[in-house]
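*Asks:* I'd like to ask you about the structure that follows.
The values are calculated or read from the model by the stated rules, or taken from the named source; none is laboratory data. Note that the structure is predicted; figures quoted are calculated from it, not measured. In this analysis, Cβ positions are derived from the backbone assuming ideal geometry, glycine residues included, and neighbour counts consider all displayed protein chains. Remember, those area values only see protein heavy atoms, side chains included, never the ligands or the DNA or RNA. Shrake-Rupley method; radii C 1.70, N 1.55, O 1.52, S 1.80 Å.
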Amino acid sequence: MPRRHMHVTDAADAPLRAALRELRGRLEVPDHFPPTAQAEAESAARAPRIPAGDGAVATEHTLEDATDLPLFTIDPPGSRDLDQALFLSRRPGPSPSPTGGGGFRVHYAIADVASFVTPGGALDAEAHHRVTTLYFPDERVPLHPYVLSEGAASLLPDQDRPAVLWQLDLDPYGELTDVSVRRALVRSRARLDYAGVQRVLDDKTAEEPLALLRDIGLLREELEVARGAISLSVPEQDIVEHDGHYTVEYRAPLPAYGWNAQISLLTGMAAAELMLASGTGILRTLPTAPDGSVARLRLTARALGVDWPHHTSYAALIRSLDPGRATHAAFLQECTALLRGARYTVFDGAPPQPSEAVHAAVAAPYAHATAPLRRLVDRYTSELCLAASAGEEPADWVRAALPALSREMELGAQRANHIERACVDLVEAAVLRDRVGEVFEGLIVDIQKQGPHQGTVHLYDPAVIGHVETTPDGPALSLGRALRVRLTAADPGRAPVHFTPA
């Protein structure tokens, strides 16, 4: 599921970078791993302990050898924490189809973190404390020590790695027909990036395993539309410094990013169905957005000049937007707010009711399954799916962790959201820090519960939101009202943007 992607590119001693460092200190974000956890990680990197069922331990030498699969990874340039590697092929078949074959086979290797983290150990305890990798505009704070997340557990090219290997068979229309999961030794052949992949797909020089990414991705996107699902093409934000002033530049994601994401989404949906069939699992669920949230988003669209006809659904609007346009990009950033009601649903013995098992944005049951280097729950999803695929009971350490895991993940998500909001406040203050006293045109998109004299204004230009407040004896704020406001505060790390009516 998407989140804001913000990048700061200025010097380490620049004001915004200094404010981000202060923010991490204020929020007590860890800057190192406890010595015992670091020592365990270094030991595991040298000699992983691969679970083999019934409490037994395998070795890389006794794992099924799948190193003949010419897997490849697709990630941003320079990435080293590589969770997934894939290989795509056609399945032979006589039936006529839009692809001229019998469908597709997706091999999807996921980093096998359980082979490096001992349940109940110091490293495991630290992972349960951190829950997820934390992302800041200038750096990230990893879930696991770098010796694992960017080393021994990462699916780096030309390295033999233990992995959880999914085999997903699709029919000619992209529908899933069969799935299996097993442990195997794999070897990635190439580390690709999105720009390079898009280039060879566009000029039609990609070899078939990579060319199929577009074919399968497009088919899965068509199925997504048919389900009524919603995919947010959230653009990245670069915070760029020019002559002492900050501006925000948007970068629209390439189509290849969306096609690659469809493979991950497919796997998460398959994981959910496997766990539901077995009776034990943990799902990522999301209720339908309340009317109030959608109504607020309509006001934001109006503030940004995004045309949203009343007869057009939210899902249809999202697909019509161009992330390459600044106003559309800013609106897509705000759309992530509708995903904030997501939670983790644990079940053991009886699956939840169908209405309680669905992720509204996916329009189907869904589970986090493909990023165990960066998210704690995915390690448990891998173990639950391995057991379900083999027709076995989950390991005791997996089952014992489930009751607390959903709460841990939700607290971690709340923390990540809080950090994201704090980072947005910093960036917006940096963009406007030299414009205190200026007057801007905006729209009131929210009224605070404290009363009608406090609310949120969304500026037309730049696309910044901030707190606006009138005096107790002044006029009340009105939801949806256009308003000229004066910037009274903007100091990165000290004062978020604040407005009063002009």
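*Asks:* Treating only the Cβ atoms of Lys and Arg (+1) and Asp and Glu (-1) as charged, compute the dipole magnitude of the chain about its Cα centre; round to the nearest 20 debye.
*Replies:* About 840 debye.
*Asks:* Whenever you get a sec, line up 242, 7, 144 from highest to lowest accessible area (probe 1.4 Å, protein heavy atoms).
*Replies:* The residues order as 242, 7, 144, largest area first.
*Asks:* For residue 102, which sequence-distant residues (separation of 5 or more, or a different chain) have an amide H within less than 5 Å of its own amide H, given hydrogens modelled in the peptide plane?
*Replies:* 91, 93
*Asks:* Same structure again: How far apart, in nanometres, would the label points at residue 337 and residue 438 be if each is projected 7 angstrom from Cα along the Cα-to-Cβ direction?
*Replies:* 2.3
*Asks:* For a label point 7 angstrom out from the Cα of residue 355 toward its Cβ, which stretches of segment 288-332 have the backbone nitrogen within less than 14 Å?
*Replies:* Label zone hits: 288.
*Asks:* How much length, in nm to one decimal, is gained on full extension between residue 52 and residue 397, taken as 0.36 nm per residue of separation minus their Cα-Cα distance?
*Replies:* 122.9 nm
*Asks:* So what's Rg/Rh here for the chain, counting alpha carbon atoms and using the Kirkwood radius for Rh?
*Replies:* We get a ratio of 0.98 for the chain.
*Asks:* Under a 1.4 angstrom probe, counting protein chains only, how are 250, 366 ranked by accessible area, largest first?
*Replies:* Ranking 250, 366 by accessible area, largest first, yields 250, 366.
*Asks:* Among 278, 188, 254, pick out the residue whose Cα is farthest towards the positive end of the charge dipole of segment 174-287, where Lys and Arg carry +1 and Asp and Glu carry -1 on C-beta, about the Cα centre.
*Replies:* 278
*Asks:* Treat segment 107-253 as a sphere of radius equal to its Kirkwood radius over Cα pairs and apply Stokes-Einstein at 4 °C in a medium of 1.567 mPa s; give the translational diffusion coefficient in µm²/s, rounded to a whole number.
*Replies:* 68
*Asks:* Using Cα-Cα distances under 8 Å and only pairs 6 or more residues apart, what relative contact order does segment 352-502 have, in percent?
*Replies:* Relative contact order comes out at 18 percent.
*Asks:* How big is the Kirkwood radius of segment 418-502, worked out from every pair of different alpha carbons and given in Å to one decimal?
*Replies:* One decimal place: 12.7 Å for the Kirkwood radius.
*Asks:* Here's something else I'd like to know. Output the peptides 408-418, 470-480 sorted from most to least packed, where packing is the average of other Cβ atoms within 10 Å over each peptide's residues.
*Replies:* The most tightly packed comes first, giving 408-418, 470-480.
*Asks:* Determine the distance separating the Cα centre of segment 448-502 from the Cα centre of segment 274-333; give it in Å without decimals.
*Replies:* Rounded to whole Å, the Cα centres lie 24 Å apart.
*Asks:* Here's a follow-up. So if each residue of separation counts as 0.36 nm, and I subtract the Cα-Cα distance between residue 211 and residue 178, what length gain in nm does that give?
*Replies:* Net length gain for the segment: 9.7 nm.
*Asks:* Apply the Karplus parameterisation 6.51 cos²θ - 1.76 cosθ + 1.60, with θ equal to phi minus 60°, to every residue of segment 333-349 and state each ³J(HN,Hα) to the nearest whole Hz, in sequence, with x for glycine and proline.
*Replies:* Result, ordered by residue: 4, 5, 5, 4, 4, 6, 8, 6, x, 5, 9, 10, 10, 9, 9, 8, x Hz.
*Asks:* Do you know the relative contact order of segment 251-346, to the nearest whole percent, from alpha carbon pairs under 8 angstrom that are 6+ apart?
*Replies:* This gives 41 percent for segment 251-346.
*Asks:* Additional query: Cα centroids of segment 197-241 and segment 379-394: how far apart, whole angstrom?
*Replies:* Value for the Cα centre distance between the two parts: 30 Å.
*Asks:* Report the extension gain between residue 12 and residue 27 in nm, rounded to one decimal, defined as 0.36 nm multiplied by the number of residues separating them, less their alpha carbon distance.
*Replies:* Additional length available on full extension: 3.4 nm.
*Asks:* Right, here's the next one. Per residue and in cubic angstrom, what volume does the convex hull of the Cα atoms of segment 334-473 have?
*Replies:* 166
*Asks:* If I model segment 246-297 as equal point scatterers sitting on the Cα atoms and use the Debye formula, what is log10 I(q)/I(0) at q = 0.13, 0.16, 0.24, 0.26 Å⁻¹?
*Replies:* Treating every Cα as an identical point scatterer, log10 I(q)/I(0) equals -0.64, -0.83, -0.91, -0.92.
*Asks:* Under the Karplus relation 6.51 cos²θ - 1.76 cosθ + 1.60, θ = phi - 60°, what is the ordered set of whole-Hz ³J(HN,Hα) values for segment 486-494, x standing for Gly and Pro?
*Replies:* 10, 6, 10, 7, 6, 9, x, x, 10
*Asks:* Shifting gears a bit: When only Cα pairs under 8 Å and 6 or more residues apart are kept, what is the percent relative contact order across the chain?
*Replies:* 16
*Asks:* Rank these by accessible area, largest first, 1.4 Å probe: 106, 147, 240, 436.
*Replies:* Ranking 106, 147, 240, 436 by accessible area, largest first, yields 436, 147, 240, 106.
*Asks:* Shifting gears a bit: Taking only DSSP H segments of four or more residues, each worth -39500 (n - 2.57), what value at 222 nm results for the chain once the sum is divided by all its residues, to the nearest 500 deg cm²/dmol?
*Replies:* -11000 deg cm²/dmol
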